[in-house]
Amino acid sequence: MSERNRALLAALGVTAAATAALSYAFSPVRAGKAQMLLAIGAVYAICTALGLLRLKKRGELREKSRPRGGDITIGALVAALLYGGAMVGHITLAPRGSPREAWLVHVYLQIGDPREIDIHLVGAAVFIVAALEELTWRGLVMELLAEPFGIQRAWLASTLLFAVAHLPTAYLLRDATAGYNPLLVAAGLGCSFVWGYLYMRTGRLLPAVLAHAIFSWSLVEFPVWRPYIER
């Protein structure tokens with residue numbers, strides 16, 4: 001088997017594992033339950049370990065994981081821009097008062113009713129899971145594809161595969177009136193494009209990991225759905 005085929009097969013394997021975990025986690029029967037985040041976190045923890053081990057064997061782990069001044073600032077700024085994009089997406093795709101607003105509510109209620117959960121504990125869990133997710137898609141998938149296909153193709157391919165892994169949520173989080181729910185797929189495509197570009201430009205994991213983790217955390221701590229819940 002050629003190096004390209006091996007890399008592609010491995011990337012598709014990670015995508016299949018992520019798709020299975022997301023399908024399990026976003027099943028309506030697991031809405032608000034701990035298994036929801038645990039399932040995703042467990043799969044991504046394994047993939048992260050594999051990715052870091054691969055980088056270590058190649059002698060690249062230290063350079064890829066080394067922090068530098070400004071990493072937190074870059075991560076926070078990118079997260080803030082994406083949060084603004086999420087607000088624009090809410091207004092355009094699922095505006096308040098529209099039947100499509102139910103898409104947003106289905107996404108948020110999957111992690112638990114805001115009136116019942118400890119929002120800070122859930123936010124911390126989401127931060128960790130998002131960090132593992134980014135380490136998987138950049139530190140493993142994008143790295144697997146970069147050598148045989150080139151970094152730009154790896155960036156675009158990992159972006160697409162990240163969105164593909166979220167495809168089951170379109171069905172699982174559908175609404176009887178609004179239909180299939182495209183929010184996580186669209187967000188996955190757009191955000192992964194940005195995180196992948198950030199990794200490609202910096203050549204290091206931490207800026208993209210922080211951007212992903214802070215963005216996901218902010219959507220829990222400062223939800224764009226609150227007006228719907230409180231009105």
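Listed residues Leu210, Leu145, Leu184, Leu160; which is under 18 Å from Val14 (Cα atoms) and surrounded by 21 or more Cβ atoms within 10 Å (Cβ to Cβ)?
Values: Leu210 fails: under 18 Å from Val14 (Cα atoms); Leu184 fails: under 18 Å from Val14 (Cα atoms); Leu160 fails: surrounded by 21 or more Cβ atoms within 10 Å (Cβ to Cβ).
Exactly one residue qualifies, and that residue is Leu145.
Of all residues in region 99-113, those satisfying the criterion of being of a type outside the set (A, V, I, L, M, F, W, C), over 13 Å from Pro28 (Cβ atoms) and not in a loop (DSSP other than H, G, I, E, B) are Glu101, Tyr108. Within region 24-67, if we keep just the residues that are crowded, with 16+ Cβ neighbours inside 10 Å and among the β-branched types (Val, Ile, Thr), the residue that is nearest to the chain's Cα centre (by Cα) turns out to be Ile40.
What number of residues within region 114-144 are within 19 Å of Cys191 (Cα to Cα) and of a type in the set (A, V, I, L, M)? Break it down stepwise before answering.
Step one: list which residues in region 114-144 are within 19 Å of Cys191 (Cα to Cα), which gives 123, 126-143.
Subset that is of a type in the set (A, V, I, L, M): 126, 128-132, 135, 140-142.
Qualifying residue count for the region: 10.
For a quick check of your reading of the model, give me the residue pairs whose first member lies in region 212-231 and is farther than 14 Å from Ala76 by Cα, whose second is part of a helix (DSSP H, G or I) and modelled with pLDDT under 85, with beta-carbon atoms closer than 7 Å and at least 6 apart or on different chains. Close Cβ pairs (under 7 Å, with a partner that is part of a helix (DSSP H, G or I) and modelled with pLDDT under 85) amount to Val220/Ile119; Glu221/Ile119. Looking at region 145-156 only, could you name the residues that are in a helix (DSSP H, G or I) and either under 20 Å from Gly190 (Cα atoms) or not charged (D, E, K, R) (or both)? Leu145, Ala146, Pro148, Phe149, Ile151, Gln152, Arg153, Ala154, Trp155, Leu156, listed by residue number.
Of the helices (runs of 4 or more DSSP H) lying entirely inside region 1-70, those containing at least 2 residues that are small (Gly, Ala, Ser), out of contact with any Leu (no Cβ under 8 Å at 6 or more places or on another chain) and closer than 15 Å to Glu133 by Cβ span 3-25, 34-57.
Please pick out the residue among Leu121, Leu132 that is under 19 Å from the mean Cα position of the chain (by Cα) and either among the hydroxyl-bearing types (Ser, Thr, Tyr) or surrounded by fewer than 17 Cβ atoms within 10 Å (Cβ to Cβ) (or both). Walk me through it before giving the result.
Working: Leu132 fails: either among the hydroxyl-bearing types (Ser, Thr, Tyr) or surrounded by fewer than 17 Cβ atoms within 10 Å (Cβ to Cβ) (or both).
Of Leu121, Leu132, the one residue that is under 19 Å from the mean Cα position of the chain (by Cα) and either among the hydroxyl-bearing types (Ser, Thr, Tyr) or surrounded by fewer than 17 Cβ atoms within 10 Å (Cβ to Cβ) (or both) is Leu121.
Going through Leu167, Leu205, Leu173 one at a time, which residue ends up being over 26 Å from Pro67 (Cα atoms) and buried (at least 20 other Cβ atoms within 10 Å of the Cβ)? Walk me through how you get there before you give the answer.
On the way: Leu167 fails: buried (at least 20 other Cβ atoms within 10 Å of the Cβ); Leu205 fails: over 26 Å from Pro67 (Cα atoms).
Leu173 is the lone residue from the list that is over 26 Å from Pro67 (Cα atoms) and buried (at least 20 other Cβ atoms within 10 Å of the Cβ).
The values are calculated or read from the model by the stated rules, or taken from the named source; none is laboratory data. In this text, all values refer to a predicted model and were calculated from it rather than measured experimentally. When we count neighbours, we look across all protein chains shown, and the Cβ atoms used for this are built from the backbone with ideal geometry, even at glycine.
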